[in-house]
Amino acid sequence: MENTAIVHVHAWISGRVQGVGYRFTTCQVASERGLSGWVRNLTDGRVEAVFEGPEAQVSAMLRWCEQGPETAIVKNVKIEYGQVEGLQGFETRRTI
């Protein structure tokens, strides 16, 4: 039986991840996987994202984040599990 537990994961992705379509592609891939959450650039050059959904889909999304789009060079993905917030849909947020 597939694991259907809903999880909430906060991720910070570093490397060459801005100016390479990372946010756009993350939003597209997460939406295709049926995940909720958001993604944004940080002023320090990292990308920050939150994913909520079935554990297996979130795990697959985190594996994708380790590679990112073709033009990205991901050096590190730091993750923290948190409380499920019941987010709806996936969006790109403003840079902070």
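The values are calculated or read from the model by the stated rules, or taken from the named source; none is laboratory data. Just so you know, these numbers come straight off a predicted model, no measurement behind them. For the accessible areas, the whole protein counts, side chains as well, though only heavy atoms, and no ligand, DNA or RNA atoms are used. Shrake-Rupley method; radii C 1.70, N 1.55, O 1.52, S 1.80 Å.
Relative to the longest principal Cα axis of the chain, at what angle does helix 22-32 sit, 0 to 90 degrees, rounded to 10?
Between helix and principal axis, roughly 20 degrees.
Short version: ³J(HN,Hα) in whole Hz for each residue of the range 82-90, in order, from phi by Karplus 6.51 cos²θ - 1.76 cosθ + 1.60 (θ = phi - 60°), x for Gly and Pro, what are they?
Values per residue, Gly and Pro as x: x, 6, 5, 9, x, 4, 10, x, 10 Hz.
Any idea what the alpha-carbon Rg over 2.2 N^0.38 Å comes to for the range 9-79? Working shown, then result.
On the way: Rg = 10.7 Å, N = 71, 2.2 N^0.38 = 11.1 Å.
Cα-based Rg divided by the globular estimate yields 0.97.
Show that you can apply the helix-only estimate: for the chain, add -39,500 (n - 2.57) for every DSSP H stretch of four or more residues, divide by all residues, and state [θ] at 222 nm to the nearest 500.
Values: 2 runs with 22 residues, N = 96.
Estimated from H runs of four or more residues: -7000 deg cm²/dmol.
Just the accessible area per residue of the chain, please: how many Å² with a 1.4 Å probe?
Working: 5540 Å² over 96 residues.
So the chain comes to 58 Å² accessible per residue, rounded to a whole number.
At 1.4 Å probe size, with the rest of the protein present, what percent of the exposed accessible area of the chain is carbon and sulfur atoms?
With neighbouring chains kept in place, the figure for the chain is 47 percent.
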